[in-house]
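Participant: Okay, handing you the structure first.
The values are calculated or read from the model by the stated rules, or taken from the named source; none is laboratory data. Every value quoted in this text rests on a predicted model; they were computed, and no experiment measured them. Backbone-built Cβ (ideal geometry, glycine too); neighbour counts: all protein chains shown.
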Amino acid sequence: MSTGFRDRPTRMPGRPLNADWCRAQRAAHLLGGRLLYLPQTTSTNEEALHYAAAGAPEGTVVVADTQTAGRGRRGRQWQDEPGQSLLFSVLLRPLPPPPLWSLLSLGTAVAVAEALRESYGLPVATKWPNDVVIAGRKVAGLLLEQRGAAVVVGVGLNVNGLREALQAHVDRPVTTLEAERGLPLSREEVFVTVLAKMEAIYHQFQAGDITGLVNRYRQRESLLGQAMRVTVGGEQICGVATEVTDGGSLIVATPGGQREIIAGEAEVIADGE
């Protein structure tokens, strides 16, 4: 499916990102109007937090071809194949009060899912609290971090490469867009497409339409209606996911009643478990 871009770059998998082309596409926009490209870094989130402390403007984006210490939730390391993934962090300075800032993680997940569905026809869904999946396989992960009045949202998206190359490093099912679509994609096109959708959703957040944003998330959430297990600290909670609240919590119906879970590790329970 064509994305409609003109004069788009033709980049083979594993090549450096054409940052100049991406800057040209985003020059007049909030997200990516200032785009900092690094062939390699420890963590784009760390870089973005550094720029936030130095007073960088909202909308600054840090993108890298590979990370040596990429982070996921709960201290996990993000694995990538150099030049195959999109690894970027966006600096935001939100208007709604800090208790709502965690919803930016849900909003970013929606942005990634909607962008990939609309532009590439892929059956992409969200997976609470901060993953994006295709048929249950993780294709993207998000990490939100706060420092003062700034929020940095990091995105790791598996664009090109073999599914097996990543699966060897992780203990949960993963995939790439190339594996699902059957051919490599332009990382540049995917990047600017996702940034555009992120910006639209961020404007919705800034306007205070929290319910509308969460409703968009609910429409894409793969866990709802599924038998599942959520690990919260040392406790395992089993039941059926029934709802995502306006605050971003997951409601699970258990034999002992409903449980509201603010954060945890969720997985679908296979038949027979």
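Participant: Filter the range 106-124 down to the residues that are among the small types (Gly, Ala, Ser) and surrounded by fewer than 21 Cβ atoms within 10 Å (Cβ to Cβ), then identify the one that is nearest to Glu199 (Cα to Cα).
Facilitator: It comes out as Ser119.
Participant: Name the residues in the range 234-273 that are part of a loop (DSSP other than H, G, I, E, B) and among the small types (Gly, Ala, Ser), would you?
Facilitator: Within the range 234-273, Gly234, Gly247, Gly248, Ser249, Gly256, Ala263, Gly264, Ala270, Gly272 meet the criteria.
Participant: With respect to Gln219, is the statement that it is surrounded by 14 or more Cβ atoms within 10 Å (Cβ to Cβ) and among the polar types (S, T, N, Q) true?
Facilitator: Here the answer is no, as Gln219 does not meet what is asked.
Participant: May I pose another question? Within the bounds of the range 163-172, is there any residue that is at positive phi and of a type in the set (Gly, Ala, Ser)?
Facilitator: Within the range 163-172, not a single residue is at positive phi and of a type in the set (Gly, Ala, Ser).
Participant: Taking the range 37-62 as the region of interest, how many residues are surrounded by fewer than 20 Cβ atoms within 10 Å (Cβ to Cβ) and either under 19 Å from the mean Cα position of the chain (by Cα) or farther than 23 Å from Arg187 by Cβ (or both)?
Facilitator: 10
Participant: From the list Gln226, Gln204, which one is over 17 Å from the mean Cα position of the chain (by Cα) and closer than 25 Å to Ala270 by Cβ?
Facilitator: Gln226
Participant: Is the range 220-237 home to any residue that is in contact (Cβ under 8 Å) with a residue 60 or more places away in the chain and of a type in the set (D, E, K, R)?
Facilitator: Yes, the range 220-237 contains at least one residue that is in contact (Cβ under 8 Å) with a residue 60 or more places away in the chain and of a type in the set (D, E, K, R).
Participant: Looking at the range 156-171, I want the residues that are assigned by TED's automatic domain parsing to the domain that holds Ala69 and free of Cβ contacts under 8 Å to residues at least 60 places away in the same chain and have a partner that is in a helix (DSSP H, G or I) and of a type in the set (A, V, I, L, M, F, W, C) with Cβ atoms under 8 Å, at least 6 apart or on another chain. Which pairs are those?
Facilitator: Filtered contacts from the range 156-171: Leu162/Ala179; Arg163/Ala179.
Participant: Looking at (1) assigned by TED's automatic domain parsing to the domain that holds Gly83; (2) over 30 Å from Pro97 (Cβ atoms); (3) loosely packed, with under 14 Cβ neighbours inside 10 Å, which is the only condition Pro255 fails?
Facilitator: Among (1) assigned by TED's automatic domain parsing to the domain that holds Gly83; (2) over 30 Å from Pro97 (Cβ atoms); (3) loosely packed, with under 14 Cβ neighbours inside 10 Å, the lone unmet condition for Pro255 is (1).
Participant: Give me the residue from the range 204-216 that is touching a residue at least 12 places away in the same chain (Cβ under 8 Å) and farther than 15 Å from Trp101 by Cβ and, out of that set, surrounded by the most Cβ atoms within 10 Å (Cβ to Cβ).
Facilitator: Arg216
Participant: Name, by its number, the condition in (1) under 26 Å from Gly121 (Cα atoms); (2) β-branched (Val, Ile, Thr); (3) at pLDDT 95 or above that does not hold for Val268.
Facilitator: (3)
Participant: Moving to a separate point now. Restricting attention to the range 223-233, does a residue exist that is surrounded by 20 or more Cβ atoms within 10 Å (Cβ to Cβ), polar (S, T, N, Q), in a loop (DSSP other than H, G, I, E, B) and in contact with a strand residue (DSSP E or B) (Cβ under 9 Å, 6 or more places away or on another chain)?
Facilitator: The answer is no, given that none of the residues of the range 223-233 is surrounded by 20 or more Cβ atoms within 10 Å (Cβ to Cβ), polar (S, T, N, Q), in a loop (DSSP other than H, G, I, E, B) and in contact with a strand residue (DSSP E or B) (Cβ under 9 Å, 6 or more places away or on another chain).
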